[in-house]
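Encoded as structure tokens, the structure appears first; notes follow it.
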Amino acid sequence: MKKILISSCLLGQPVRYDGQSKPLIHSVIDHWQSEGRLISICPEVAGGLPIPRPPAELNQSLQKVLTEDGIDVTPQFIRGAELALALCNKHNIGYALLKESSPSCGSHKVYDGSFTNQKINGQGITAKLLSEYGVSVYSEDTIAQLVSEIARQ
């Protein structure tokens, strides 16, 4: 049975920057949980950032993650991504279901770094690292594709 790495916030854990969660309500989540397939992580918290914390966005031109006040939190984001990859390696995880638009977990879109609620194509720090190491990354927007992929296994 293949394990799946999942963003903690999608499981209802209040780990987001604002101390909230973004629970993903989908019957397959309950099923996968009952099977013991899901391994959860919030890369930002794992990397050492507190809850709550200032919002941060990926500034692609600088290749850094900055808070609205310009504080560089890139090292914490990189550490969290490395810990997520270590979990994947430890549990032989080939799939990740991560929170779209997050500077850590965004798989297709991230906020553009201007703090104006504008999104651009791109991957967050964790999503990019996992993808580079062969983990297939999905989001709440592409969960149907993940369900299909798992069903083919």
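Tabulated values for the structure
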read-out: Among Ser101, Ser61, Ser139: highest mean-square fluctuation, GNM of the chain, C-alpha pairs under 10 Å; value: Ser61
read-out: Simple Cβ-charge dipole of the chain, Lys/Arg +1 and Asp/Glu -1, about Cα centre, in debye nearest 20; value: 380
read-out: Charge dipole (the range 4-152, unit charges on Cβ, about Cα centre) - positive-most of Tyr111, Pro14, Ile39; value: Ile39
read-out: Test item: Cα-centred dipole of the range 21-105, Lys/Arg +1 and Asp/Glu -1 on Cβ, debye; value: 220
read-out: Exceeding the 18 Å Cα-Cα cut-off - candidates Lys2/Lys22; Lys64/Lys128; Lys2/Lys109; value: Lys2/Lys22; Lys2/Lys109
read-out: As computed over the chain, the Cα convex hull volume per residue (Å³); value: 102
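The numbers here are math on the coordinates, done by the rules we state, and not lab data. Keep in mind that what you see is a predicted model, and the values were worked out from it rather than measured. Positions of Cβ are generated from backbone atoms using ideal geometry, with glycine treated the same way; all protein chains shown enter the neighbour counts.
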